[in-house]
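Comments concern the structure below.
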Amino acid sequence: GCLTFMKKNQKRYHHYPRLIFTSISQELIKQTKELIKIFGIGFYGSIREFPNKGEWNTQHRIFVCGKEKLLCFMKNIGSKNPTKNSRYLIWKIYGFCPTNITFDQRINIIHGKLDIHSFYVGFVTSKN
């Protein structure tokens with residue numbers, strides 16, 4: 001799975017959460033959908049074809065989007081992946097999470113050693 005945050009409605013920060021599960025296994029995606037349904041979490045799916053070594057493969061995807069759905073997912077299902085959890089924690093603390101930053105940078109943000117706003121254009125530091 002993938003946890004990412006996007007800018008939406010012309011907001012400055014990456015605040016809108018999206019969980020994306022992708023597999024070439026239709027059965028795995030079916031089982032994942034059933035688990036998500038148990039907790040009443042809304043989602044949508046898609047199927048796409050993509051080339052791989054001269055052949056076409058089918059990719060099945062599930063999207064869980066939005067604040068309430070992510071909160072419900074994390075409360076009831078959760079994640080054991082430290083990378084995903086660091087993104088989630090920053091989003092919970094700040095209401096947004098920058099994209100394309102390293103795990104170490106996220107840990108430094110969480111511990112207050114790095115200013116989260118420094119990843120956005122136009123950020124100005126104050127000199128004391």
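Observations on the model:
- Candidate set: region 70-113, residues that are part of a loop (DSSP other than H, G, I, E, B) and crowded, with 16+ Cβ neighbours inside 10 Å; chosen: the one nearest to the chain's Cα centre (by Cα): Cys97
- Looking across region 6-21, the residues that are surrounded by 13 or more Cβ atoms within 10 Å (Cβ to Cβ), in contact (Cβ under 8 Å) with a residue 40 or more places away in the chain and either not hydrophobic (A, V, I, L, M, F, W, C) or not in a strand (DSSP E or B) (or both) come down to Tyr13, His14, His15, Tyr16, Pro17, Arg18.
- Residue count for region 34-53, restricted to those that are of a type in the set (D, E, K, R), open to solvent by 100 Å² or more (accessible area, probe 1.4 Å) and assigned to a helix (DSSP H, G or I): 1.
The values are calculated or read from the model by the stated rules, or taken from the named source; none is laboratory data. All of these numbers come straight from a predicted model, not from anything done at the bench. Note that each Cβ is placed from the backbone with ideal geometry, even for glycine, and that neighbours are counted across all protein chains shown. Just so you know, the surface numbers come from the protein's heavy atoms only, side chains and all, with ligands and any DNA or RNA stripped out. Shrake-Rupley method; radii C 1.70, N 1.55, O 1.52, S 1.80 Å.
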